[in-house]
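Bear in mind that the values in this text are calculations on the coordinates, not laboratory data. The model shown is predicted, which means the values in this text are computed figures rather than measured ones. Here the Cβ is made from the backbone with ideal geometry for all residues, glycine too, and neighbour counts use every protein chain on show.
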Amino acid sequence: MSADCIFCKIIKGDIPSKKIYEDDEVIAFNDIHPLAPVHFLVIPKEHIESLASCEPRHQALLGKMLLLAPKLAKEQGLKGFRSMINTGVEGGQEVFHIHVHAFGGGDTLPKT
Ligand code: 5GP
Ligand code: ZN
């Protein structure tokens, strides 16, 4: 838990969010500025700054987050989606609590 982290505050319930999944290790909630009709974030409850801060002990947790994305995407009605993990300022990361973006719906997403 990090006192000044927005996502830790969402986990605690101090900042409201539209949660779509929660268990003892992870939560998923809708992104406040969606890039597509469906856009959610999967985050661990442990405060880990980024993919670059992950350690071997996080291997199962990372796998769990990735496996959750297609399950939730299907539940949200998506046939396909884009997943993204921004790492570091130069990687476009703005919130320094690791998160997997998953978004899609509407038109086919442009090629990257
Ligand atoms: P990043 O750029 O770090 O990969 O993505 C951070 C994401 O968190 C952005 O897409 C942004 O819209 C989302 N976000 C930032 N603050 C909040 C918030 O308070 N609530 C929710 N639901 N999403 C947030
Ligand atoms: Zn945090």
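List of remarks:
- In segment 17-68, the trypsin sites (Lys or Arg not before Pro) that fall in loop regions by DSSP, at most 14 other Cβ within 10 Å: Lys18
- By the Cβ distance rule (another cysteine Cβ under 4.7 Å), the unpaired cysteines of the chain are Cys54.
- Cα gyration tensor shape of segment 6-104, rounded if a/c is under 1.5, else prolate or oblate by comparing a/b with b/c: rounded
- In percent, rounded to a whole number, the relative contact order of segment 6-104 is 31, using alpha-carbon pairs under 8 Å and six or more apart.
- For segment 16-22, 3J(HN,Hα) per residue [Karplus equation, 6.51 cos²θ - 1.76 cosθ + 1.60, θ = phi - 60°, Hz, x = Gly/Pro]: x, 8, 8, 6, 10, 7, 7
- Residues whose amide H lies under 5 Å from that of Ser50, counting only those 5 or more places away or on a different chain, are Ile98; hydrogens are built 1.01 Å from N in the peptide plane.
- Lysine pairs meeting the criterion (Cα under 20 Å, 8 or more apart or interchain), as found in the chain: 16
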